[in-house]
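Accompanying notes for the structure given below.
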Amino acid sequence: MINFQYSRASDVADAVRQISMEPAAKFIAGGTNLIDLMKEHVERPSRLIDISRLPLKTVEETKHGGVLIGALVPNSDLAYHPLVAQCYPLLASAILAGASAQLRNMASTSGNLLQRTRCHYFYDVATPCNKREPGSGCSAVNGVNRMHAILGTSESCIATHPSDMCVALAALEASVRVTGPSGDRVMAFADLHRLPGDTPQRDTNLRSDEILTAIELPAQGFAANYTYLKIRDRLSYAFALVSVAAALELESGTIKQARLALGGVAHKPWRDPAVEAQLRGQDPGRTIFARAADMLLSDARGFAHNSFKIELARRCIVRALTQAAQGTPQSQFDKKIR
Ligand SMILES: Cc1cc2nc3c(=O)[nH]c(=O)nc-3n(C[C@H](O)[C@H](O)[C@H](O)COP(=O)(O)OP(=O)(O)OC[C@H]3O[C@@H](n4cnc5c(N)ncnc54)[C@H](O)[C@@H]3O)c2cc1C
Ligand code: SF4
């Protein structure tokens, strides 16, 4: 048993004040990731600052026609919220593809964004891991790396980001609001998560004394032509081998706007605006979708056990774009909740 202190934040300012005073402290929201990591001795916070009762649980329309999502909205409430289910079904279906019903009831939006990698070496304190212990080495590079990244890797770390929700948020070009000792700031979602480089211990660009308070979605929700396609070892309760969030805006049968983000393949949701630009002005079809897949994966590199992900990702991209173009999303559940 490793001792730690527990306190409850009374408001956002108090949460920031508490974490600024104790850099080894951690916020706890739903606790579904942090508690597991503490049980494995991967995380050893000196204090848990409970933010779960802060009033950050609303989903509201913004004056720009978008939606503002409080950081502590439970994953289930978010997926089934009428605004999200109707205007952002891509986000709803990505959330519902993750974890289990019980976990989604408990997990917060911010906790989902800030959950840590599921690399098994990261969880196993008996093995070297640069993310857990900088400078100790990466056990996965020459180890069992079937679940690991094929894009944006470094010699220091080949872990993936495990979230499904984040893949949809990347495609939807969300932004995040954070508060720290020097005030509030807004970050593009694309800038929240980092590639590992030589500092894999840092998952995000959030500072250690900042709290994430909200996620904002722009008005464009791609509700007619979208899909979230997740390929995993079991049909539920499993992390993605590869996932694709695809969204298209069609005008007279031609692609006016395209969004494509991959999950399960990198340290952050993977997008390439040049690939999306290439799709603009084209008629949807297998040939151009295959070309987009080739372009998005041109720098992909496999390791001993995960090279299959490159071809898997290629096929998933083509299938996802086809489903989006035809208006036939992967999950029929999407139709039921709308
Ligand atoms: C068995 C299992 C299967 C799973 N499968 C999937 C899956 O398929 N897809 C998927 O996407 N997820 C999956 N998950 C992960 C799950 O979605 C996350 O555990 C959950 O979203 C974390 O949310 P939480 O509120 O419980 O976070 P917590 O555990 O409370 O916190 C996680 C981290 O975020 C930090 N944090 C939380 N809120 C804030 C904030 N507002 N500001 C700053 N820091 C904050 C905490 O300090 C902590 O470091 C699975 C989890 C389990 C246990
Ligand atoms: S891939 Fe990253 S998280 Fe996994 S062992 Fe290597 S350094 Fe650690």
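The values are calculated or read from the model by the stated rules, or taken from the named source; none is laboratory data. These numbers come from a predicted model, not from an experiment. In this analysis, Cβ positions are derived from the backbone assuming ideal geometry, glycine residues included, and neighbour counts consider all displayed protein chains. Surface areas here come from the heavy atoms of the whole protein model, side chains and all, with no ligands, DNA or RNA. Shrake-Rupley method; radii C 1.70, N 1.55, O 1.52, S 1.80 Å.
Here are the numbers:
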quantity	calculated
Any hit, the stretch 48-59, residues being out of contact with any helix residue (DSSP H, G or I) (no Cβ under 6 Å at 6 or more places or on another chain), surrounded by 15 or more Cβ atoms within 10 Å (Cβ to Cβ) and farther than 27 Å from Tyr88 by Cα	yes
Which listed residue, of Asn130, Asn112, is touching a Ser or Thr at 6+ places or on another chain (Cβ under 8 Å), crowded, with 24+ Cβ neighbours inside 10 Å and within 30 Å of Leu321 (Cβ to Cβ)	Asn112
Selection from the stretch 89-134 of residues that are assigned to a helix (DSSP H, G or I), within 16 Å of ligand 2 (Cβ to nearest atom) and in contact (Cβ under 8 Å) with a residue 60 or more places away in the chain	Leu114, Phe122, Tyr123
Residue in the stretch 24-40 that is loosely packed, with under 15 Cβ neighbours inside 10 Å, part of a loop (DSSP other than H, G, I, E, B) and either free of Cβ contacts under 8 Å to residues at least 12 places away in the same chain or within 16 Å of ligand 2 (Cβ to nearest atom) (or both) present	yes
Which numbered condition Phe239 fails, given (1) in a loop (DSSP other than H, G, I, E, B); (2) closer than 25 Å to Leu296 by Cα; (3) more than 9 Å from ligand 1 (Cβ to nearest atom)	(3)
Residues being touching a residue at least 24 places away in the same chain (Cβ under 8 Å), charged (D, E, K, R) and loosely packed, with under 13 Cβ neighbours inside 10 Å - total across the stretch 232-279	1
Residue check, Pro74 out of contact with any Pro (no Cβ under 9 Å at 6 or more places or on another chain), under 30 Å from Arg259 (Cβ atoms), open to solvent by 50 Å² or more (accessible area, probe 1.4 Å) and more than 16 Å from ligand 2 (Cβ to nearest atom)	no
Selection from the stretch 303-322 of residues that are touching a residue at least 60 places away in the same chain (Cβ under 8 Å) and under 26 Å from Ala258 (Cβ atoms)	Lys309, Ile310, Leu312, Ala313, Cys316, Ile317, Arg319, Ala320, Leu321
First in the stretch 52-81 and under 19 Å from Ala97 (Cβ atoms), second anywhere and small (Gly, Ala, Ser), Cβ under 6 Å, 6 or more apart	Asn75/Ala107; Ala79/Ala92
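Residue by residue, here is whether (1) open to solvent by 10 Å² or more (accessible area, probe 1.4 Å); (2) part of a strand (DSSP E or B); (3) modelled with pLDDT of 95 or more; (4) more than 16 Å from ligand 2 (Cβ to nearest atom) holds:
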position	(1), (2), (3), (4)
Leu78	no, no, yes, yes
Gln86	yes, no, yes, yes
Ser136	yes, no, yes, no
Val141	yes, no, yes, no
Arg146	yes, no, yes, no
Ser154	yes, no, yes, no
Thr160	yes, no, yes, no
Leu169	no, no, yes, yes
